[in-house]
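Visitor: I am attaching a structure below and will ask some questions about it afterwards.
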Amino acid sequence: MMKYKKISLGLLLTVIVSFAFSFTDPGDDLLSKLVDQLDKWRAEYPQEKVYLHLDKPYYAVGDDIWFKAYVTIGSRHRLSAFSEILNVDLIDENDSVKRSLKLPLTSGLANGDFALPDTMQEGNYRIRAYTNWMRNAGDAYFFDKTIAIVNVISNTIFTKTDYTYSNQNGKQKINAVINYTDPNGAPYAGNEVSYRVELHGKTVFKGKGITNDKGNLDAAFINPTPNLAATGHITTHIKLIDKKVVTKVVPIKAVSNKTDVQFFPESGNLVNGVDSKVAFKAVGADGLGVDIKGNIIDDQNHVVTAFSSTHLGMGVFNLTPESGKAYKAHVVYADGSESNFDLPKAMDNAYVLAIDNSADDALTIKVLPGTGLLHSASSAQGIVLVAQSGGEICYASKSAGNSKMFRAVVPKSKFPSGIVQFTLFSAAGEPLNERLVFIQNPDRLKLNVSADKQNYSPRDKVTISLNAKNKANNPIVGSFSASVIDLSKVPVDETAEESIFSNILLTADLKGYIEKPGYYFANESAKTRADLDVLMLTQGYRRFEWKQVINDTFPPIVYQPEKTLQITGHLKTFGGKPVPNGKVTLFTTAGGTFILDTVADAQGKFTFNNLIFRDSIKFVVQARTAKDRKNLDITLDNIAPQPVGKNKNAPDIEVNINDGRSAYLQNSKKLYNEQVKYGIGNHTIVLKEVVVKDTRTTAVKHSSNLNGAGNADQVLTYKDIESMGPNLSNILQGRLVGVIFRGGVPYSTRGFNRPMQIIVDGVYMESDQLDNVSVPDIASIEVLRSIGNTAIYGSRGGNGVIVITTKRGDEGAVYNRYAPGVVTYSPKGYYKAREFYSPKYDDPKVNAKMQDLRSTIYWAPNVVTDKDGNASLSFFNADGKGTYRIVIEGISADGDLGRQVYTYKVE
């Protein structure tokens with residue numbers, strides 16, 4: 001377990017006093033206990049965060065998603081050496097993991113990629129990243145980003161949907177108008193459409209209709225549930241002229257147009273007689289902010305103050321409640337409709353913890369008691385204020401004697417950048433008030449990016465220089481990633497763009513959805529800082545509960561930090577008793593023979609540590625007793641994968657994912673055609689988007705077939721080969737069309753010069769190893785012989801490919817027993833990241849005739865500055881003219897974050 005050096009209490013507890021209030025030495029029993037307990041929590045529960053820098057904000061099928069991972073730990077955001085393995089998942093809009101990677105972390109850094117096959121469905125996907133250790137705190141703090149993936153390659157029908165809402169017999173009616181057009185915008189008129197509405201996974205309505213002359217279908221339904229936050233989708237089947245049926249799925253983000261307005265008094269309570277800030281947040285049923293305005297009215301119907309939202313439905317006003325009065329908010333929406341909301345009831349015996357964060361260099365803190373406390377004769381024994389960030393106490397103070405109020409001015413330099421939690425305690429240690437403050441210190445890395453020329457032409461060589469310095473203007477050694485995109489093809493909304501700042505400093509510490517977090521960091525100003533302070537007043541924070549920390553009731557640690565890949569288990573008799581000192585052998589024949597031996601301990605436990613193996617490899621574990629007997633049971637320790645919960649960023653789901661992306665769609669189509677023309681890229685020959693009811697796809701659910709599951713010349717499932725003997729080549733002889741076997745080696749009748757390529761769970765095997773595959777393990781066999789199916793494999797598939805998919809459970813790595821003392825095991829292995837291809841136009845071997853239509857011009861995940869803070873990168877422009885955008889992000893060894901955006905023209 002990682003331990004942190006304990007900081008002395010005297011260094012932590014500081015106060016700067018204004019006015020005539022005095023303070024005693026804060027090192028009393030309560031403060032000492034708070035410091036000790038928080039120090040213990042921080043040591044036993046170090047906080048890791050993950051940020052992924054992606055090469056661009058959205059993608060198309062056929063693209064590659066490139067990313068760099070930064071894993072930090074603690075309040076100072078230093079790169080983590082705690083965990084050494086990172087999990088990254090690509091999740092579809094049905095909350096199903098489509099691809100999962102396990103990446104080795106080196107000093108908290110890793111890079112990887114996802115290839116998006118041409119057979120993918122368009123839609124809203126998620127990229128999720130986390131370490132095993134982070135699972136202890138729950139998935140609310142994982143990196144989780146929603147991205148749109150469009151399909152212009154095989155997509156012949158584009159939809160655009162508008163929702164309106166009304167009431168019918170007291171129930172919510174949803175009116176969806178779905179517009180169908182071809183890629184050129186021409187409507188599909190007079191086409192028959194059937195549709196099914198699902199909410200929270202249950203079908204609530206079925207209907208059918210015919211598109212009008214504009215290609216519109218009216219699909220109306222009633223929400224049968226009382227849940228106004230229900231979400232789901234409409235699955236439509238449109239029949240074309242040739243009677244082919246195409247399926248389109250449209251998300252349902254909301255089932256009403258109801259707006260919820262909540263009010264958040266600063267630090268928790270409205271207090272009679274105390275002037276307080278009251279923040280508010282107006283959120284539509286789709287989870288997005290809604291602009292409002294209105295008045296605060298007392299119970300005498302007098303207007304006390306006016307208010308209006310300043311950003312994404314959020315705003316703030318001041319209110320001094322009076323005893324005996326009640327208040328309500330009269331809200332006016334953008335469409336002119338109105339609502340009334342009761343404000344929280346004001347209290348007498350409570351405090352207001354007021355913090356002014358508007359100054360550049362200091363916080364002004366005031367603790368003010370209500371009228372009941374101010375005039376109380378009871379001994380209050382003082383109050384204690386503590387501020388912590390990431391488990392590190394940055395500030396603490398205690399009022400003198402029985403004083404019930406104080407004011408302090410504290411330099412922001414005492415706090416790290418990011419979220420600071422201020423908590424006011426009674427003398428008995430009871431948390432009374434809480435206030436979050438976001439600190440934006442001038443401690444970011446100074447990244448100077450420059451180009452070697454002012455103007456460029458298409459296919460010119462570009463050299464970019466990077467110089468990195470810290471806030472003291474000293475050069476730093478840091479790790480960075482750089483992405484270059486063509487803005488004419490990939491327009492970017494900077495306010496919606498996540499960054500290393502918005503993630504590590506903000507969203508990684510907050511539960512719940514944050515709308516457009518990049519807005520607060522893209523172009524910082526007094527307004528963005530004020531808006532960010534309102535966000536702090538409205539957003540919850542639950543990294544830990546103070547009562548748990550104080551009472552030493554820490555939650556149990558279930559997940560340990562992963563250091564290496566390992567295979568562990570226990571040897572037992574068939575009666576369940578441990579088998580001590582058993583001999584255990586681990587071996588595999590994939591990529592050559594690999595054998596390791598170990599001996600179980602006195603409890604029968606065995607461990608193979610420090611393993612390095614690729615994803616989807618299969619091992620055999622064989623064990624014998626100390627007396628060389630095989631009658632024992634091997635139980636392997638599986639780590640269940642993280643379940644997929646609901647998308648916490650569901651408001652980011654786009655109903656019309658093609659909107660505003662016409663340039664990107666057109667370019668993606670041209671790029672695909674150009675690559676197919678010259679035989680470049682991993683592309684299949686894609687038919688028109690047609691729904692074909694075929695069980696092959698589901699039968700080979702986990703297939704590694706690059707053409708897509710079931711897209712083969714012949715498919716056999718386990719049902720076709722079960723109970724037919726142990727030798728696979730004998731079973732398949734005569735059953736595979738156009739394949740013959742010589743000495744157990746398969747050859748395609750299309751070419752006898754070389755054997756067929758064998759691929760088992762994505763791992764390339766030698767052709768003479770076919771009979772080493774255990775027949776009971778096999779889920780499916782796909783035979784690829786035609787050029788349309790083998791082309792994607794290049795030269796390795798020239799003589800045909802046999803793709804074997806083994807049985808596995810969606811619950812994680814599985815193992816199967818076939819005999820006493822023997823199991824097979826398919827654990828998740830390391831993914832080897834691919835290298836980004838960038839053409840070099842000064843090389844005569846490069847095809848100069850092929851159009852260069854790349855949207856991601858360059859991706860460099862491992863840019864490291866030297867001792868002078870310098871680094872450089874070189875690449876060649878594509879054919880596109882316009883503005884190219886470079887984003888460089890990274891971190892120094894001291895945990896200082898950096899980001900710089902640089903643009904240049906290609907004319």
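The values are calculated or read from the model by the stated rules, or taken from the named source; none is laboratory data. It should be emphasised that the depicted structure is a prediction, and the values quoted were computed from it without experimental measurement. Cβ sites come from the backbone with ideal geometry, for glycine too, and all protein chains shown count toward neighbours.
Visitor: Condition first: farther than 16 Å from residue 340 by Cβ and among the hydrophobic types (A, V, I, L, M, F, W, C). Now tell me which residues in the stretch 291-316 satisfy that.
Guide: Result: 312, 314, 316.
Visitor: Here's a check for you: in the stretch 654-684, which residue that is exposed (fewer than 15 other Cβ atoms within 10 Å of the Cβ) and in a helix (DSSP H, G or I) is modelled with the lowest pLDDT?
Guide: Looking at residues that are exposed (fewer than 15 other Cβ atoms within 10 Å of the Cβ) and in a helix (DSSP H, G or I), I get 677.
Visitor: Let me ask something else. Is it the case, given these coordinates, that residue 119 is within 14 Å of residue 88 (Cα to Cα), buried (at least 19 other Cβ atoms within 10 Å of the Cβ) and hydroxyl-bearing (Ser, Thr, Tyr)?
Guide: Answer is no for this residue.
Visitor: Then there's this: When you scan the stretch 579-590, do you find a residue that is more than 41 Å from the chain's Cα centre (by Cα) and touching a residue at least 60 places away in the same chain (Cβ under 8 Å), even just one?
Guide: Looking through the stretch 579-590, none of the residues is more than 41 Å from the chain's Cα centre (by Cα) and touching a residue at least 60 places away in the same chain (Cβ under 8 Å).
Visitor: Shifting gears a bit: On the given criteria, is residue 893 small (Gly, Ala, Ser) and at pLDDT below 90?
Guide: Answer is no for this residue.
Visitor: Now, a different point. Under 7 Å between Cβ atoms, which residue pairs at least 6 apart in sequence (or on different chains) link something in the stretch 380-401 that is part of a loop (DSSP other than H, G, I, E, B) with a partner that is modelled with pLDDT of 85 or more?
Guide: As it stands, the answer is 390/47; 390/74; 390/75; 391/38; 391/41; 391/42; 391/47; 391/75, since those pairs meet every condition given.
Visitor: For the stretch 768-811, which residues satisfy the criterion of being out of contact with any helix residue (DSSP H, G or I) (no Cβ under 8 Å at 6 or more places or on another chain), modelled with pLDDT under 80 and basic (Lys, Arg)?
Guide: Of everything in the stretch 768-811, just one residue is out of contact with any helix residue (DSSP H, G or I) (no Cβ under 8 Å at 6 or more places or on another chain), modelled with pLDDT under 80 and basic (Lys, Arg), namely 808.
Visitor: What residue, of 424, 505, is more than 29 Å from residue 286 (Cβ to Cβ) and either touching a residue at least 60 places away in the same chain (Cβ under 8 Å) or of a type in the set (S, T, N, Q) (or both)?
Guide: That would be 424, the only listed residue that is more than 29 Å from residue 286 (Cβ to Cβ) and either touching a residue at least 60 places away in the same chain (Cβ under 8 Å) or of a type in the set (S, T, N, Q) (or both).
Visitor: Return a yes/no flag: does the stretch 240-254 have any residue that is at positive phi, within 26 Å of the chain's Cα centre (by Cα) and of a type outside the set (A, V, I, L, M, F, W, C).
Guide: no
Visitor: Go through the stretch 833-881 and count every residue that is closer than 23 Å to residue 456 by Cα and part of a loop (DSSP other than H, G, I, E, B).
Guide: Residues that pass the stated criteria total 25.
Visitor: Give the residue, chosen from 184, 167, that is within 30 Å of residue 671 (Cβ to Cβ), free of Cβ contacts under 8 Å to residues at least 12 places away in the same chain, of a type outside the set (Asp, Glu) and surrounded by fewer than 15 Cβ atoms within 10 Å (Cβ to Cβ).
Guide: Of the residues listed, the single one that is within 30 Å of residue 671 (Cβ to Cβ), free of Cβ contacts under 8 Å to residues at least 12 places away in the same chain, of a type outside the set (Asp, Glu) and surrounded by fewer than 15 Cβ atoms within 10 Å (Cβ to Cβ) is 184.
Visitor: Now for a separate question. Does any residue of the stretch 77-92 turn out to be of a type in the set (Ser, Thr, Tyr) and assigned to a strand (DSSP E or B)?
Guide: Checked the stretch 77-92: no residue is of a type in the set (Ser, Thr, Tyr) and assigned to a strand (DSSP E or B).
Visitor: Looking only at the stretch 685-717, how many residues end up being within 13 Å of residue 781 (Cα to Cα) and at pLDDT 80 or above?
Guide: 12
Visitor: Identify all residues within the stretch 727-737 that are more than 14 Å from residue 716 (Cα to Cα) and touching a strand residue (DSSP E or B) at 6+ places or on another chain (Cβ under 9 Å); write none if there are none.
Guide: 730, the sole residue that qualifies.
Visitor: Which one of 504, 514 is β-branched (Val, Ile, Thr) and part of a loop (DSSP other than H, G, I, E, B)?
Guide: Result: 514 is the single residue among 504, 514 that is β-branched (Val, Ile, Thr) and part of a loop (DSSP other than H, G, I, E, B).
Visitor: Let me ask something additional. Being outside any loop (DSSP other than H, G, I, E, B), more than 22 Å from residue 597 (Cα to Cα) and not hydrophobic (A, V, I, L, M, F, W, C) narrows it down to one of 651, 641, so name that one.
Guide: 651
Visitor: Next question, about the same structure. When you scan the stretch 236-302 for strands (runs of 3 or more DSSP E) that lie fully inside it, which ones turn up with 2 or more residues that are among the hydrophobic types (A, V, I, L, M, F, W, C), under 24 Å from residue 225 (Cβ atoms) and in contact (Cβ under 8 Å) with a residue 24 or more places away in the chain?
Guide: Counting at least 2 such residues, we get 245-252, 276-284.
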